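Notes follow once the structure below has been shown.
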Amino acid sequence: MKGRVKRAVSFTVLGFALCLLVANWAVANRIDNQDKKPTEPDKPAEEVYKNIQVFNGLPASQLDGAMQFMSASLGVGCDHCHMNSWESDAKTAKVATRRMVLMTRNINKENFGNNPAVTCYSCHFGRPHSIPLPGVELLASRPESEPAIAKPASMPTTDEVINKYIRAIGGESVIEKLKTRVSRGNLTTDNGMTPPVTAAFEVYQQAPNKILTIVSGQIYKGFNGTASWVKDNGGQRKAEGKDLAEQKRDADFFKYLKLRESYPGLRVLGKEKIADREAYVVGATSVDGSREKLYFDVTTGLLIRRYVSFKTVFGTIPEVTDFDDYKEVSGARLPFTVSWSRPPFASTQKFTEIKINVPVDAAKFEMR
């Protein structure tokens, strides 16, 4: 079981959402026994990976995004085209994919100025096989005339939405007193290839930007405010470049608590329904210039979803984090369930215990 947990937890991507006082967590950037070399963003893909034929010249750091876009477009996992020996061409789906990449590339070059107007999703719609013709059920259900677009009702101001959220999670006085947080629970990861795996995990965090996450007592990821490091069955190493930048952002203790500091640009866009809950949608521009959408429950005022478009060489795919099961902890209301997805990967954190303002040894965040 321990080996299975290692493999499954190692495979899911580093950096996903734990939310509010817990920084985004992710798991793994490799499968045991795979032959890939560590990604080197400053080199082209063919110099880092084996048997690259259609992505020659693409920066190696962008290859994973391209793979994820194709996986999401077809609704399949990596094993649809790949084997444990990743460079192998044994599966016909991999050979066919190369032809499709060249086909869409030529279409976009000749007709759309190299913009990715036509992609895998244009024909597959999230299914392994393309759909060349509209189905009978689609034609039969087509309305005789398009319904009129309803005019949006009066929306609250941005300040009203944000202030209601701050009150809902305990108020500014409670937020200002927060110094540490220790959380324990279970992390379930799904890589789209193997059955989901659940492992115990714990998170130690100290304001303003220190964090240590431990998964299954075997995988450690820490940030001491300056340097980021990872320790697992492959040894211990520093995180650099893109991984360091992501961990630095994710370690922000107040990311979802002091929203006006985390997102200098906030604007109410409208109202949408998330499952059975109505939510105000707020467009949010972060300090680093990235754009997101934050969804606040109309009734409770609580943050229930974060949406961001993950950019790849082929286009964007949705990355969604849902926050649920809010409970009071020493005057603050915090989500005890956080679900994250970016096809084909997904994870769910279910906290069983959260403590705030408890002593945390600063040495925990240093490399071991």
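Quick one: Karplus J couplings for the range 107-114, per residue in order, coefficients 6.51, -1.76, 1.60, θ = phi - 60°, nearest Hz, x for Gly and Pro?
Calculated HN-Hα couplings, in order: 4, 5, 5, 7, 10, 10, x, 6 Hz.
Carbon and sulfur: what percent of the range 180-301's accessible surface (1.4 Å probe)?
47 percent
If you count only protein heavy atoms and use a 1.4 Å probe, how large is the accessible surface of Glu172, to the nearest 10 Å²?
We get 120 Å² for Glu172.
Can you list residues whose amide H is under 5 Å from Val313's amide H, if they're 5+ apart or on another chain and H is modeled 1.01 Å from N?
Amide H neighbours of Val313: Ala66.
Taking Cα pairs under 8 Å and at least six residues apart, what relative contact order does the range 239-368 come out at, in percent?
11 percent
Go through the range 281-291 residue by residue and turn each phi into a ³J(HN,Hα) via Karplus (6.51, -1.76, 1.60, θ = phi - 60°); whole Hz please, and just put x for glycine and proline.
9, 10, x, 10, 9, 7, 4, 7, x, 6, 10
Please list, ordered by chain and number, the residues whose modelled amide H lies under 5 Å from the amide H of Leu269; skip anything fewer than 5 residues away on the same chain.
Val281, Val282, Gly283
How do Val48, Val268, Val95 rank by accessible surface area computed with a 1.4 Å probe, from largest to smallest?
Most to least solvent-accessible, the answer reads Val95, Val268, Val48.
Quick one: Karplus J couplings for the range 344-352, per residue in order, coefficients 6.51, -1.76, 1.60, θ = phi - 60°, nearest Hz, x for Gly and Pro?
Values per residue, Gly and Pro as x: x, 9, 7, 8, 9, 9, 10, 7, 9 Hz.
Taking a 19 Å limit on the Cα-Cα distance, which of the listed pairs Lys50/Lys238; Lys327/Lys355; Lys210/Lys311 fall beyond it?
Listed pairs above 19 Å: Lys50/Lys238; Lys210/Lys311.
Please work out the average accessible area per residue across the range 44-90, using the 1.4 Å probe convention, and give it in Å².
Heavy-atom SASA per residue in the range 44-90 reads 42 Å².
The values are calculated or read from the model by the stated rules, or taken from the named source; none is laboratory data. Here the structure is a predicted model, which is why all the values come from computation and not from measurement. Heads up: the accessible areas ignore ligands, DNA and RNA and are worked out on the full protein's heavy atoms, side chains in. Shrake-Rupley method; radii C 1.70, N 1.55, O 1.52, S 1.80 Å.
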